[in-house]
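J.: First the structure, which I've put down as structure tokens, then a few questions once you've had a look.
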Amino acid sequence: MLEIQNLTVRFQLPQGTITALEGVNLTLRDGEKLCVVGESGSGKSVLMLAVLCLLPENACVSGSILLDGEDLLQKSQKDLTEIRGMKLSYVPQGSGNSLNPLLRLGFQVSESLVAHRRLPRRGADQRSIQLLQQFHLGDEEQLVRSYPHTLSGGMRQRALLALGIAPEAPYLVADEPTKGLDSDRVGLVVDCFNSLEGCSLLCVTHDLTFAQQVADRVAIIYAGQMIEYETAERFFGSPRHPYSKALLDAVPERGLNAIPGFSPGHEDYTDACRFYNRCPCRTAQCQTQPKDRWDGERMVKCIYGAP
Amino acid sequence: MKQRNLLQGRAAAVTGMVLLLLILLVAVFAPALAPYDPWAMGTPYLPPSSEHLLGTNDIGQDILSELIYGTRVSMFIGVCAALITTIIGTAVGVLAGYFGGIVDHILMAVTNVVIVVPSLPLTVVLVAYLQAGLWNIIIALCVTAWAGTARLIRAQVMQLRQQPFVQLERTLGMGNGYIMLVHILPNVSGIILTRGALSVASAMLSEASLSFLGLGALGQKSWGAILNNAFFRNGVVNNCWWWYYPPILCICVCVVAFMLIGSWDDRRSRGQNLLAM
């Protein structure tokens, strides 16, 4: 079980302090799949990096991140190296240099198996082929011997998924795994994630359709705060927070009604609810920040949010 | 068009390699190629003739044979010094660039001090105090030469450290040593090879300077030592051009060979550019 308790992340910059994430409470149960949804800059990537303990050095983290009861924030670098390879695995974004341009793909896909499981090199290439076949890359025997620059963006993204699931770690963290994939290929990712037996998934995405197909539970992040935490079934049926409703209305299948305005920048944070300026149902009460309203395993940060 | 540029870029390096191969062959087969024993004495001050292609020196030693054997000494010193220089420079550069922070501060402080020290006078002083053996010369040549390589590699590694694939390795739970060896080093191999080739050239030049000043390895006939003999044992005064031009020419050809090899852009030849990906 992964428990994030009262996680706050601040960055010390020359211009001042920026609060990227504020008081986030989350629980990822064993075998559960959680999608964290939010706009760019909302803090969802910071949340993910915090779980991996890979925030830059100027980050100031408070709260706790308990992985099976042990606080990752208190761990030494050496312990973290163990945990990252064996317990916690990561699927990075495919854009940019997520693969070493000078090493063959097969080597990189099963690299963690060789390093942590002492798998012999020859067997590792076989495993790479199997892993890649799962994502229908085509001609995988040839592919494991080629270099990353010969792959297209979508192929690279799928190769990274193969790389991420290779260690068969009980916890998987994925950063926008469907980026740059067309809907057929997204289906492959969905199948892959749904077939991961007993693996807990923390997936950052802004693809709501994908989230609906994969997630057991959804967390919505807005301007550094978690504003709704809900089972996927209920979230996609009747979201509680006005922002969540607006998000779902913006999905093409539901009419493509975009939310007017932009989320506030870090310098514009006031005492009011962060969604105040864009909220269709704001009242005078919303001038002060609403509390996290927990109701068992669900949460909404809004004075409305019908149960 | 691009294809042509690529070939042109390679042509220089290939020329350099052919030259180097010839020089290496001469060094390896010196006993077979040299017409005389370079230490055997005969008639002094003979000008070039069919018997002595490059004449003889003041004690009648055959200069062509001296040059052929000198290839071994000069190349050995140059290559060994460059190898040590490059290894130290790479290690310092990778460690400083990868770890940053206090490690970087300390290593770069040392590097900067080494860079500002005037290298030839320091080498001269070192050689004067150490015994003038082959290895002491090599060590003296290495003391300051690694700093430039270290700085270049550090700069490149600092960029690489920020690359997503290095971050990814950390999330895969790979140790720092593993990441540096398997992921960082191949990405700076171009710089290492280029700098290595150039280091050989500069080490050979420094060795020639030292030998010319009479601080070379005792009892070893390097090209610089032949030059020293020509200068201090009346070769120049007596206008024995066959004594002092050939070693200069040999040093030049060797240095040019290594510089041509050093001009080879590794990344371009692989047809890919890391930062363009």
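J.: Could you list which residues have their amide H under 5 Å from that of A:S89, counting only those 5 or more apart in sequence or on another chain, with H placed in the peptide plane?
T.: A:Y171, A:L172, A:V173
J.: In nm, to one decimal, how far is the modelled label at A:S64 from the one at A:N6, with both set 7 Å along Cα→Cβ?
T.: Inter-label distance under the simple model: 1.0 nm.
J.: Could you sort B:H52, A:H116, B:H105, A:H241 by accessible area so the largest value comes first, with the probe set to 1.4 Å?
T.: B:H105, A:H116, B:H52, A:H241
J.: Next question, about the same structure. For B:S50 and B:W135, what is the calculated FRET efficiency with R₀ set at 45 Å and r taken between the beta-carbons, to the nearest 0.05?
T.: The value I calculate is 0.70.
J.: About the Cα centre of segment A:98-168, what is the dipole size in debye to 20, counting +1 per Lys and Arg Cβ and -1 per Asp and Glu Cβ, all else neutral?
T.: Using only the charged Cβ atoms, the result is roughly 200 debye.
J.: Please arrange A:E197, B:E66 by accessible surface area, largest first, computed with a 1.4 Å probe and ligands excluded.
T.: On the way: A:E197 165, B:E66 0 Å².
Largest accessible area first, the list is A:E197, B:E66.
J.: Show that you can apply the helix-only estimate: for chain A, add -39,500 (n - 2.57) for every DSSP H stretch of four or more residues, divide by all residues, and state [θ] at 222 nm to the nearest 500. Spell out each step's value before the answer.
T.: Working: 11 runs with 94 residues, N = 307.
Helix-only estimate at 222 nm: -8500 deg cm²/dmol.
J.: Round to the nearest 0.05 the FRET efficiency obtained for A:D216 and A:K87 when R0 = 25 Å and r is the Cβ-Cβ distance.
T.: For R0 = 25 Å, the calculated efficiency reads 0.80.
J.: Computed on alpha carbon atoms, what radius of gyration and Dmax characterise segment B:19-136, expressed in Å?
T.: Rg, Dmax (Cα atoms, Å): 21.2, 66.
J.: Further question: Let me make sure I get this right: for segment A:128-167, a, b and c are the square roots of the gyration tensor eigenvalues over alpha carbons, sorted descending. Under 1.5 in a/c it's rounded, otherwise prolate if a/b > b/c, else oblate. Which is it? Provide the component values of the computation, followed by the final result.
T.: On the way: a/c = 1.55, a/b = 1.20, b/c = 1.29.
Judged from the Cα gyration tensor, segment A:128-167 comes out oblate (a/c at least 1.5, b/c at or above a/b).
J.: How much net charge surrounds A:S112 when only other residues with a Cβ under 11 Å from its Cβ are counted (Lys, Arg +1; Asp, Glu -1)? If you can, show how the numbers build up before the last one.
T.: Numbers: positive: A:R84, A:R117, A:R127; negative: A:E111, A:E168, B:E169.
Net of charged neighbours comes to 0.
J.: Could you work out [θ]222 nm for chain B from helices alone, using -39500 (n - 2.57) per DSSP H run of at least four and dividing by all its residues? Round to the nearest 500 deg cm²/dmol.
T.: About -24000 deg cm²/dmol.
J.: Now for a different question. Take the Cα radius of gyration of the protein assembly as shown and divide it by 2.2 N^0.38 Å, with N its residue count; two decimals is plenty.
T.: Against the compact-globule rule of thumb, the ratio is 1.34.
J.: With θ set to phi - 60° and the Karplus curve 6.51 cos²θ - 1.76 cosθ + 1.60, what are the ³J(HN,Hα) couplings of segment B:214-223 in order, to the nearest whole Hz, using x for Gly and Pro?
T.: Ordered by residue, 3J(HN,Hα) equals x, 10, x, 5, 5, x, 10, 8, 8, 4 Hz.
J.: Given the options B:V92, B:V125, B:V143, state which has the largest fluctuation in a GNM of chain B using a 10 Å cut-off (strictly under) for Cα springs.
T.: Fluctuation is largest for B:V125.
J.: Any residues in segment B:178-194 that have 40 Å² or more less accessible area with all protein chains than in their chain alone, probe 1.4 Å, and which are they?
T.: B:H183
J.: Another one. With every protein chain in place, what's the accessible area of A:D30 (1.4 Å probe, Å², nearest 10)?
T.: 110 Å²
J.: Next question, about the same structure. Given labels modelled 7 Å from the Cα in the Cβ direction, how far is it in nm from B:L21 to A:E197?
T.: Once both label points are built, they end up 5.9 nm from each other.
J.: How big is the A-B contact in terms of buried accessible area, both chains counted, 1.4 Å probe, rounded to the nearest 100 Å²?
T.: 2100 Å²
J.: Which whole-angstrom value gives the distance between the alpha carbon centres of segment A:79-96 and segment B:209-249?
T.: 62 Å
J.: Okay, moving on. Among A:R127, A:R121, what's the order by accessible area (1.4 angstrom probe), most exposed first? Kindly include the intermediate steps, with their values, before the conclusion.
T.: Values: A:R127 65, A:R121 85 Å².
Heavy-atom accessible area, descending, gives A:R121, A:R127.
J.: Looking at the calculated P(r) for segment A:98-168, what percent of the C-alpha pair distances fall above 17 Å?
T.: The answer is 31 percent, as a whole percent.
J.: Using θ = phi - 60° and the Karplus relation 6.51 cos²θ - 1.76 cosθ + 1.60, list the HN-Hα couplings for segment B:19-26 in order, rounded to whole Hz, with x at every Gly or Pro.
T.: Once rounded to whole Hz, the list reads 4, 4, 4, 4, 4, 5, 4, 4.
J.: Once both labels are modelled 7 Å past Cα along the beta-carbon direction, what's the A:A272-A:Q134 spacing in nm?
T.: Those two pseudo-labels are separated by 4.8 nm.
J.: Between B:V28 and A:S95, take the C-beta separation as r, use R0 = 41 Å, and let me know the FRET efficiency to the nearest 0.05.
T.: Working from the Cβ atoms, E equals 0.20.
J.: Enumerate the amide H contacts of A:C60 below 5 Å, restricted to partners 5 or more residues apart or on another chain; note that Pro and chain-start residues carry no placed amide H.
T.: The list, which skips near neighbours in sequence, is A:R10, A:F11, A:Q12.
J.: If you don't mind, there's one more thing I want to ask. Once phi is turned into ³J(HN,Hα) by the Karplus curve 6.51 cos²θ - 1.76 cosθ + 1.60 with θ = phi - 60°, what whole-Hz value does each residue of segment B:124-139 show in order, with x for glycine and proline?
T.: So the J values, rounded to whole Hz, are 4, 4, 4, 5, 5, 7, 6, 6, 7, x, 4, 6, 5, 4, 4, 4.
J.: Give the angle, between 0 and 90 degrees and rounded to the nearest 10, that separates the Cα long axis of helix B:185-212 from the longest principal axis of the Cα atoms of chain B.
T.: 30 degrees
J.: Which residue fluctuates most in the GNM of chain B (Cα springs below 10 Å): B:G219, B:G55, B:G93?
T.: Looking only at B:G219, B:G55, B:G93, the biggest GNM fluctuation is shown by B:G219.
J.: Follow-up. For chain A, what relative contact order do you get, as a whole percent, if you take Cα pairs closer than 8 Å and at least 6 residues apart?
T.: 20 percent
J.: Ok, one more. For chain B, with a Gaussian network of springs between Cα atoms less than 10 Å apart, report the residue from B:L33, B:L24, B:L168 with the top mean-square fluctuation.
T.: Sorting by GNM fluctuation, first place goes to B:L168.
J.: If you count only protein heavy atoms with a 1.4 Å probe, what accessible area per residue comes out for the protein assembly as shown, rounded to a whole Å²?
T.: 46 Å²
J.: Which listed residue (A:I227, A:F275, A:H136) has the Cα farthest towards the positive end of the charge dipole for chain A, taking +1 on Lys and Arg C-beta and -1 on Asp and Glu C-beta about the Cα centre?
T.: After comparing all options, I get A:H136.
J.: Within the accessible area of segment A:161-276, what % is carbon and sulfur when the probe is 1.4 Å and the other protein chains stay in place? Could the numbers behind the result be given before it?
T.: Values: 2240 of 4620 Å².
Exposed carbon and sulfur together represent 48 percent of the surface.
J.: Still on this structure: Just tell me which aspartates and glutamates come within less than 15 Å, Cα to Cα, of A:K301; anything on the same chain fewer than 8 places away is out.
T.: Partners within reach: A:E22, A:E228, A:E230, A:D271, A:D292.
J.: Per residue, what volume in Å³ does the Cα convex hull of segment B:91-152 take up?
T.: Each residue corresponds to 78 Å³ of Cα convex hull volume.
J.: In whole angstrom, how far apart do the alpha carbon centroids of segment A:159-233 and segment A:1-29 sit?
T.: Cα centroid to Cα centroid, the span is 20 Å.
The values are calculated or read from the model by the stated rules, or taken from the named source; none is laboratory data. Computed from a predicted structure; not experimentally measured. Backbone-built Cβ (ideal geometry, glycine too); neighbour counts: all protein chains shown. Ligands, DNA and RNA are stripped out before the accessible areas are found, and what is left, the full protein with its side chains, is counted by its heavy atoms. Shrake-Rupley method; radii C 1.70, N 1.55, O 1.52, S 1.80 Å.
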